[in-house]
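Beneath this line is the structure, given in structure tokens, with notes to follow.
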Amino acid sequence: MNKKYQTAYDQLKELGVTVYEDEGGFRISGEDNYPIIWAEYYTRHGTTLDEFGVNHEINDILAKQGLFAEWENTGVLGVAKM
């Protein structure tokens, strides 16, 4: 995993976000959301989530590393370069 991915991975893991390493990067669980909702595909657009159901804290950490997250399916967010 390159430095930017590793930095974001470590910071998210430290927050308590469920993350999984994969080929050259990582993914974020959209199912392990207790006690904090980190990502919810069927979102209710709360104040902690953006219009795509991703917690703003995740977006902030990823953006600082030039990364973003998007849904691969209803349970997993993929992480990619901007």
Exercise. Can you tell me which residues in the range 38-73 are modelled with pLDDT of 90 or more, over 11 Å from the mean Cα position of the chain (by Cα) and in a loop (DSSP other than H, G, I, E, B)?
Worked result: 41, 50, 52, 65, 66
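Only one of these is at pLDDT 95 or above, surrounded by 14 or more Cβ atoms within 10 Å (Cβ to Cβ), in contact with a helix residue (DSSP H, G or I) (Cβ under 8 Å, 6 or more places away or on another chain) and assigned to a loop (DSSP other than H, G, I, E, B): 79, 17. Name it. Walk me through how you get there before you give the answer.
Values: 79 fails: assigned to a loop (DSSP other than H, G, I, E, B).
Answer to the check: 17.
When you check residue 62 against the structure, is it in contact with a strand residue (DSSP E or B) (Cβ under 8 Å, 6 or more places away or on another chain), over 14 Å from residue 79 (Cα atoms) and of a type in the set (A, V, I, L, M, F, W, C), yes or no? Step through it out loud before you land on a result.
Working: in contact with a strand residue (DSSP E or B) (Cβ under 8 Å, 6 or more places away or on another chain): yes; over 14 Å from residue 79 (Cα atoms): no; of a type in the set (A, V, I, L, M, F, W, C): yes.
No; evaluated as a whole, the condition is false for this residue.
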Seminar exercise, completed: Sole miss for residue 30 among (1) touching a strand residue (DSSP E or B) at 6+ places or on another chain (Cβ under 6 Å); (2) modelled with pLDDT under 95; (3) surrounded by fewer than 19 Cβ atoms within 10 Å (Cβ to Cβ) is condition (3)
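Answer yes if at least one residue in the range 53-62 is of a type in the set (Val, Ile, Thr), without any contact (Cβ under 8 Å) to a residue 40 or more places away in the chain and more than 18 Å from residue 3 (Cβ to Cβ), and no otherwise. Please lay out each step first, then the result.
Just the residues of the range 53-62 that are of a type in the set (Val, Ile, Thr), to begin with: 54, 58, 61.
Restricting the remaining residues to those that are without any contact (Cβ under 8 Å) to a residue 40 or more places away in the chain gives 54.
From what's left, more than 18 Å from residue 3 (Cβ to Cβ): 54.
Scanning the range 53-62 turns up at least one residue that is of a type in the set (Val, Ile, Thr), without any contact (Cβ under 8 Å) to a residue 40 or more places away in the chain and more than 18 Å from residue 3 (Cβ to Cβ).
Please find, within the range 33-49, the residue that is farthest from residue 78 (Cα to Cα) out of those that are free of Cβ contacts under 8 Å to residues at least 24 places away in the same chain and either among the polar types (S, T, N, Q) or surrounded by 15 or more Cβ atoms within 10 Å (Cβ to Cβ) (or both). Steps first, answer last, please.
Within the range 33-49, the first condition is being free of Cβ contacts under 8 Å to residues at least 24 places away in the same chain, and the residues that meet it are 33-38, 40, 43-49.
Subset that is either among the polar types (S, T, N, Q) or surrounded by 15 or more Cβ atoms within 10 Å (Cβ to Cβ) (or both): 33, 37-38, 40, 43, 47-49.
On the way: 33: 16, 37: 17, 38: 14, 40: 13, 43: 17, 47: 22, 48: 19, 49: 17 Å.
Filtering first and then ranking leaves 47.
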Problem set entry | Residues (under 15 Å from residue 57 (Cβ atoms) and either of a type outside the set (Ser, Thr, Tyr) or exposed (fewer than 15 other Cβ atoms within 10 Å of the Cβ) (or both)) located in the range 1-14 | 8, 10, 11, 12, 13, 14
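The values are calculated or read from the model by the stated rules, or taken from the named source; none is laboratory data. Please read these numbers as outputs of a predicted model, since none were measured by experiment. Note that we place each Cβ from the backbone using ideal geometry, even for glycine, and neighbour counts take in every protein chain shown.
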